[in-house]
Amino acid sequence: MHIIDRGFMDKLSEQAKTSERKRAHFNLHESLDEDIHRLCIGAEPGTFIRPHRHLAGDKWELFIILRGKIVVLIFDADGTVLKRVEMTAGGDTCVIEIPAVSWHAFASMQSGSIVMEVKRGPYARPVEEDWMQRAPAEGEAGAGELQEWYQTAQAGDKLPCKL
């Protein structure tokens, strides 16, 4: 049994704060081979998620904001923002389901943010076609600037990198 309470979230947030990647994961599923994956993600401002999609296996994602605030960006294939969804714990928008074929990324807008992610398994390493090539990979030049751009990007804005 897993219980997600304030103490659990405080610990996950602390792990994210001290992580080089500014995020920490806790899997509630026992095996990467399970049909449904459930995990909590502690995400600090500055963590970088490269725009991606999940073509293999119809791997939709469900995000539930448990604490803090994040922004989810949905892109077209050319890197133009189609939709910006701000999610705040206890706010108007607290859940989003992202279809497998949708290009997406998210950013933490507040320290201590915790997201629960539910998606289809089993785990398969992303293939090159699942990463938006016009965006830098984590750790590459421009990733930090792109993460900062996420904070204010609006529908109609285009990725400012690798154009």
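Values as computed for the structure displayed
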quantity: Qualifying residue in the stretch 121-129 (condition: in contact (Cβ under 8 Å) with a residue 24 or more places away in the chain, out of contact with any helix residue (DSSP H, G or I) (no Cβ under 6 Å at 6 or more places or on another chain) and buried (at least 17 other Cβ atoms within 10 Å of the Cβ)); calculated: no
quantity: All positions within the stretch 99-116 that are under 28 Å from K11 (Cβ atoms) and either crowded, with 17+ Cβ neighbours inside 10 Å or among the β-branched types (V, I, T) (or both); calculated: H104, A105, F106, A107, S108, M109, G112, S113, I114, V115, M116
quantity: Filter pass, T88 being over 15 Å from the mean Cα position of the chain (by Cα) and at pLDDT 95 or above; calculated: no
quantity: Residue satisfying all of: in the stretch 3-15; loosely packed, with under 14 Cβ neighbours inside 10 Å and not in a helix (DSSP H, G or I); modelled with the highest pLDDT among these; calculated: D5
quantity: Residues being surrounded by fewer than 21 Cβ atoms within 10 Å (Cβ to Cβ), touching a strand residue (DSSP E or B) at 6+ places or on another chain (Cβ under 8 Å) and not hydrophobic (A, V, I, L, M, F, W, C) - total across the stretch 23-43; calculated: 6
quantity: Hits in the stretch 108-133 - residues which are more than 24 Å from H29 (Cα to Cα) and of a type outside the set (S, T, N, Q); calculated: M109, E128, E129, W131, M132
quantity: Lone unmet requirement of (1) exposed (fewer than 14 other Cβ atoms within 10 Å of the Cβ); (2) at pLDDT below 95 for T18; calculated: (2)
quantity: Which numbered condition G112 misses (of (1) within 19 Å of E138 (Cβ to Cβ); (2) touching a helix residue (DSSP H, G or I) at 6+ places or on another chain (Cβ under 6 Å)); calculated: (1)
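Every residue, every condition in (1) within 24 Å of E86 (Cβ to Cβ); (2) outside any loop (DSSP other than H, G, I, E, B); (3) in contact with a Lys or Arg (Cβ under 8 Å, 6 or more places away or on another chain), yes or no:
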| position | (1), (2), (3) |
| --- | --- |
| A100 | yes, no, yes |
| H104 | yes, yes, yes |
| Q110 | yes, no, yes |
| I114 | yes, yes, yes |
| Y123 | no, no, no |
| Q133 | no, no, yes |
| E140 | no, no, no |
| G144 | yes, yes, no |
| Q154 | yes, no, yes |
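Condition check ((1) surrounded by 13 or more Cβ atoms within 10 Å (Cβ to Cβ); (2) under 22 Å from R125 (Cα atoms); (3) not basic (K, R)) across all residues:
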| residue | (1), (2), (3) |
| --- | --- |
| D58 | no, yes, yes |
| L62 | yes, yes, yes |
| G68 | yes, no, yes |
| D76 | no, no, yes |
| K83 | yes, no, no |
| E86 | yes, no, yes |
| C94 | yes, no, yes |
| E97 | no, yes, yes |
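Residues checked against (1) outside any loop (DSSP other than H, G, I, E, B); (2) within 27 Å of M132 (Cα to Cα); (3) free of Cβ contacts under 8 Å to residues at least 12 places away in the same chain:
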position	(1), (2), (3)
M1	no, no, yes
F26	yes, yes, no
E30	no, no, yes
L39	yes, yes, no
G57	no, yes, no
V71	yes, yes, no
M87	yes, yes, no
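The values are calculated or read from the model by the stated rules, or taken from the named source; none is laboratory data. Here the structure is a predicted model, which means the values were calculated and not measured. Note that each Cβ is placed from the backbone with ideal geometry, even for glycine, and that neighbours are counted across all protein chains shown.
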